[in-house]
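Below you'll find the structure, written out as structure tokens, and then a few comments.
The values are calculated or read from the model by the stated rules, or taken from the named source; none is laboratory data. Quick caveat, the model's predicted, so the values are computed rather than measured. Every residue, glycine among them, receives a Cβ derived from its backbone with ideal geometry; neighbour counts consider all protein chains shown.
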Amino acid sequence: MNVQTIADAAQLEALCARVAGAQRVALDTEFHSERSYAPRLMVVQLAFEDGAAIVDPLALPQLGGLIDALSRVTVVGHALASDLKIFADRFGIVPPEVFDTQVAAAFLGYGMQISLADLVRDVRGVRLAKTQTVSDWSTRPFSQRQLEYLVDDVAHLLPMEAELRARLSAKGRLEWALAESAALGEVERYRSDERRAYLRIPGAMRMSRRELGVLAELVKLRDRLARSRDLPPKFILPDDVLGGLATLRPKRADELTQLRRLEAGARRQYGEALLAAVAAGEAIEEAALPERPQRPLGQARETVAALLGVVVGAVARAHDLPPSLLVPRAGLERVAREVPARERLEEALGVSRWRYDLVGDAIWRLLSGQSAIAIEGYSGGDPKIRLSDDHQQQ
């Protein structure tokens with residue numbers, strides 16, 4: 001395969017024209033995320049029908065033109081969400097027309113997390129040498145092994161897409177896979193809701209509304225500090241320190257010493273700002289305080305959600321699909337909590353129409369007592385779940 005390395009403006013301009021003239025472009029990225037606020041883009045790999053290109057973002061920090069060009073073609077990749085999130089964070093756009101081979105494989109019985117190497121081996125009969133998975137992509141120039149690895153990550157995507165499309169079409173699932181891939185091309189998907197970021201802090205479930213208000217202000221402060229210093233938020237202050245501050249709600253600098261994990265350097269550097277954030281949380285009007293997270297379901301409704309999960313699993317196995325692809329756990333918990341009528345079941349599950357068409361009837365029959373869950377084959381050492389109607393049980 002003909003491979004170009006793109007490291008100057010003229011090469012980049014020519015590459016953008018090449019992308020614009022293509023119908024499909026394979027995409028992968030390499031990035032480092034260990035020590036920065038947002039992942040740092042290190043390499044962009046592209047593949048065409050007749051070659052590949054390795055783009056160096058360290059030499060070309062202005063890649064907006066390339067991302068714009070990619071937004072006008074169909075982008076093919078494997079597990080694209082992490083790659084597209086970088087585009088959303090850094091450039092504010094993502095390619096709207098995408099085909100994710102990992103998503104497509106899930107609809108063909110491969111599970112939700114099949115690796116690129118495993119899928120290429122099965123579909124293309126090629127073994128990839130994944131020897132550079134922990135490589136330092138900030139080093140230049142790339143070694144020959146690094147270059148081979150980078151090319152391997154995109155070289156098989158376009159022919160594999162064609163094969164996967166054919167298999168999906170034969171099973172009548174192409175539209176499902178295309179719809180699922182299309183959701184990856186929505187930029188809003190990658191924008192986190194900062195208003196609810198405090199819920200990710202351990203202990204938030206047990207806090208009062210006032211404590212949650214203080215915690216929300218502390219989380220916003222940490223995020224601003226992390227962004228300005230280009231550091232991971234937990235490098236600024238650990239989660240447990242924020243939780244401790246929210247429950248302690250200190251008003252004076254000397255009270256900060258009560259938190260063992262808030263080190264002296266952090267107290268000196270951030271103490272004033274932390275007290276101001278706590279004060280801002282204390283000043284929130286009662287009606288505007290965050291609502292407390294929903295409490296756990298309780299034993300009875302937790303059992304209902306678990307039984308619904310069994311039903312979803314049985315339907316998924318019957319169609320050779322991963323259960324998590326059909327209904328998220330949150331949807332099952334919502335049904336157990338809200339006890340919706342039949343006409344509201346689809347809304348409560350929060351799933352797309354094709355998913356509801358597969359599982360909705362089975363879920364409703366269990367909820368309404370029209371069916372039961374049975375185990376067959378246990379005595380023979382091969383137990384299987386069967387969903388049976390009442391008249392079949394009698």
Seminar exercise, completed: Filter region 371-385 for residues that are small (G, A, S) and under 11 Å from V311 (Cβ atoms); the one that is surrounded by the most Cβ atoms within 10 Å (Cβ to Cβ) is S371
For this session: Kindly indicate whether any position in region 284-302 is free of Cβ contacts under 8 Å to residues at least 60 places away in the same chain, over 30 Å from L215 (Cα atoms) and over 26 Å from the mean Cα position of the chain (by Cα).
Result: yes
Exercise. Considering A129, A88, A69, which residue is assigned to a loop (DSSP other than H, G, I, E, B) and in contact with a helix residue (DSSP H, G or I) (Cβ under 8 Å, 6 or more places away or on another chain)?
Worked result: A129
Problem set entry | Selected residue (only one of G51, G64 is more than 28 Å from I114 (Cβ to Cβ) and not basic (K, R)) | G64
Exercise. From the residues in region 102-117 that are in contact with a Lys or Arg (Cβ under 9 Å, 6 or more places away or on another chain) and hydrophobic (A, V, I, L, M, F, W, C), which one is surrounded by the fewest Cβ atoms within 10 Å (Cβ to Cβ)?
Worked result: A117
Exercise. Exactly one of (1) in a helix (DSSP H, G or I); (2) closer than 27 Å to A7 by Cα is unmet by D118. Its number?
Worked result: (2)
Exercise. When both residues are 6+ apart or on different chains and their Cβ atoms are under 9 Å apart, which pairs have a first residue that lies in region 369-382 and is in the same structural domain as G309 (by TED's automatic domain parsing), and a second that is among the polar types (S, T, N, Q) and in a strand (DSSP E or B)?
Worked result: S371/S388; A372/S388; I373/S388; A374/S388
For this session: Pick out the one residue from A316, A336 that is buried (at least 17 other Cβ atoms within 10 Å of the Cβ), closer than 30 Å to A104 by Cβ and either among the aromatic types (F, W, Y) or in the same structural domain as I363 (by TED's automatic domain parsing) (or both).
Result: A316
For this session: Identify the residue in region 126-146 that is modelled with pLDDT under 95 and of a type in the set (A, V, I, L, M) and, among all such residues, is surrounded by the most Cβ atoms within 10 Å (Cβ to Cβ).
Result: L128
Exercise. For region 170-183, does any single residue satisfy the condition of being acidic (D, E) and closer than 23 Å to R40 by Cβ?
Worked result: no
Exercise. Do we find that V25 is in a helix (DSSP H, G or I), of a type in the set (V, I, T) and not assigned by TED's automatic domain parsing to the domain that holds A226 in this structure?
Worked result: no
Exercise. Regarding R40, is this residue in contact with a strand residue (DSSP E or B) (Cβ under 9 Å, 6 or more places away or on another chain) and among the basic types (K, R)?
Worked result: yes
Problem set entry | Subset of region 123-182 [under 15 Å from V103 (Cα atoms), polar (S, T, N, Q) and without any contact (Cβ under 8 Å) to a residue 60 or more places away in the chain] | S169
Exercise. Which one of these does T303 not meet: (1) surrounded by 13 or more Cβ atoms within 10 Å (Cβ to Cβ); (2) more than 23 Å from R200 (Cβ to Cβ)?
Worked result: (1)
Exercise. Somewhere in region 166-174, is a residue touching a helix residue (DSSP H, G or I) at 6+ places or on another chain (Cβ under 6 Å) and part of a loop (DSSP other than H, G, I, E, B)?
Worked result: no
Exercise. Which residue pairs have Cβ atoms closer than 8 Å, lie 6 or more positions apart in sequence or on different chains, and pair a first residue in region 337-356 that is closer than 18 Å to R301 by Cα with a second residue that is surrounded by 14 or more Cβ atoms within 10 Å (Cβ to Cβ) and β-branched (V, I, T)?
Worked result: L345/V335; L345/I363; A348/V335; L349/V327; L349/V335; L349/V359; L349/I363
Exercise. Only one residue in V123, V151 is at pLDDT 95 or above and within 20 Å of A53 (Cα to Cα), so which one is that?
Worked result: V151
